[in-house]
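Participant: Take this structure, written in structure tokens, and hold onto it; I'll ask about it next.
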Amino acid sequence: MTPSSAERLRIVVIGDVINDVLVKPTEAITPDSDTAAVILACPGGSAANQAAWMAHLGAETVFAGRVGALDADYHRRELARAGVRAHLAADPDTGTGSIVIMLARDGERTMFTDRGANLRLRRRDLPDGLLDGAAVLHLTGYTFCEPPLLEVALGLLAEARSRELAVTIDPGSAAFLARMPAGEFLRWTEGAAVCFPNRDEAAVLTGERDPITMATRLTRHYGTVVLKLGSEGCVLAGPSQAPVRVPAHPARATDTTGAGDAFCGAFLSRWLSGRPDPATPATAVDLADAAEFAARIAADVVTRFGARPV
């Protein structure tokens, strides 16, 4: 599963770090009174989760982000535990981003989000030479959703393109995409080697609802589209190949938080394994293998609490 050190290609990930608070009632909710629940605090954040899975599964992974000063050591340790080399700016004035995640009986969730210090990430927070030696730059849509963060994202994309690095994108949030000017996200991320939208994000980006149609439309902008469909698996599509469905692995869901992040991290770790140049198109067989592997990892994640490797 893990490539040799000679074969490892470095992925640089920039984005959100979050304190997740998971709440799963263990009985019917009683309004205006107490309801018994399982409540857990876990490290999270879409980009940080993806970086953790990439590193855990063998990719050389560097992560950069911004957290509250009180949590900086904790998040550095958690990322290092997964194998990530983390550069975290410690914000003295604003706390780490937080999400309260309400879990339903089937593991689906509703999220209440305060992005905190993530919104204060600036280019000066990123170390000089961050992209030196990298093969891939990976970004999530959260880094495009506020003007100061957008400057960071666009600057990194320009630098990656000037270095001829492969770029991979996870759009991240249908709600945030819907607030952007129509077509802007596609324009900003045009030409990315791989894009990982889920069903709702793809619907916002294309105005369509059918998965095959959405995936096909998005190949006008990206080298490969991996459309995540949760329990229905995913659709793989590229400009020169017909869309292919890859089924999900069956699983009894406890917590779906981070399943898409695990899928993305697993796909990229497999996609890069042993490849001499990620900028060249992968074969249909390679992509299907990466998707099947990612589906297997995601199916395991939903059976337990938390979004990170254990």
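Participant: Residue by residue through the range 198-251, note down the ones that are within 17 Å of D170 (Cβ to Cβ), part of a helix (DSSP H, G or I), open to solvent by 20 Å² or more (accessible area, probe 1.4 Å) and not β-branched (V, I, T).
Facilitator: Within the range 198-251, R199, D200, L205, G230 qualify.
Participant: Let me ask something else. Collect the residues in the range 261-288 that are farther than 14 Å from V194 by Cβ, modelled with pLDDT of 95 or more and either touching a Lys or Arg at 6+ places or on another chain (Cβ under 7 Å) or not charged (D, E, K, R) (or both), keeping them in residue-number order.
Facilitator: If the condition is that a residue be farther than 14 Å from V194 by Cβ, modelled with pLDDT of 95 or more and either touching a Lys or Arg at 6+ places or on another chain (Cβ under 7 Å) or not charged (D, E, K, R) (or both), then A262 is the only one that fits.
Participant: Just need a number here: residues in the range 279-296 that are in contact (Cβ under 8 Å) with a residue 60 or more places away in the chain and acidic (D, E).
Facilitator: So the answer is 0.
Participant: Also, I was wondering about something else. Among the residues of the range 297-308, count how many are touching a residue at least 60 places away in the same chain (Cβ under 8 Å) and either open to solvent by 10 Å² or more (accessible area, probe 1.4 Å) or in a helix (DSSP H, G or I) (or both).
Facilitator: So the answer is 4.
Participant: Among the residues of the range 181-190, are any open to solvent by 50 Å² or more (accessible area, probe 1.4 Å), in contact (Cβ under 8 Å) with a residue 60 or more places away in the chain and over 13 Å from F144 (Cβ atoms)?
Facilitator: Among the residues of the range 181-190, not one is open to solvent by 50 Å² or more (accessible area, probe 1.4 Å), in contact (Cβ under 8 Å) with a residue 60 or more places away in the chain and over 13 Å from F144 (Cβ atoms), which makes the answer no.
Participant: To continue, here is another question. Checking D34 against (1) open to solvent by less than 60 Å² (accessible area, probe 1.4 Å); (2) over 23 Å from L131 (Cα atoms): exactly one of these is not met. Which one?
Facilitator: (1)
Participant: For the range 29-42, indicate whether the set of residues that are of a type in the set (V, I, T), on the phi < 0 side of the Ramachandran plot, part of a strand (DSSP E or B) and modelled with pLDDT under 95 is non-empty.
Facilitator: Looking through the range 29-42, at least one residue is of a type in the set (V, I, T), on the phi < 0 side of the Ramachandran plot, part of a strand (DSSP E or B) and modelled with pLDDT under 95.
Participant: Here's a follow-up. Report yes if some residue within the range 63-72 is among the basic types (K, R) and closer than 21 Å to P148 by Cβ; otherwise report no.
Facilitator: Scanning the range 63-72, I find at least one residue that is among the basic types (K, R) and closer than 21 Å to P148 by Cβ, so the answer is yes.
Participant: Please find, within the range 56-73, the residue that is surrounded by the fewest Cβ atoms within 10 Å (Cβ to Cβ) out of those that are of a type outside the set (S, T, Y), closer than 15 Å to R10 by Cα and without any contact (Cβ under 8 Å) to a residue 60 or more places away in the chain.
Facilitator: If we take residues in the range 56-73 being of a type outside the set (S, T, Y), closer than 15 Å to R10 by Cα and without any contact (Cβ under 8 Å) to a residue 60 or more places away in the chain, then E60 is surrounded by the fewest Cβ atoms within 10 Å (Cβ to Cβ).
The values are calculated or read from the model by the stated rules, or taken from the named source; none is laboratory data. Note that the structure is a prediction, hence the values are computed from the model and not measured. Please note: Cβ atoms are built from the backbone with ideal geometry, for glycine as well, and neighbour counts cover all protein chains shown. Please note that ligands, DNA and RNA were not included when accessible areas were found on the heavy atoms of the full protein model with its side chains. Shrake-Rupley method; radii C 1.70, N 1.55, O 1.52, S 1.80 Å.
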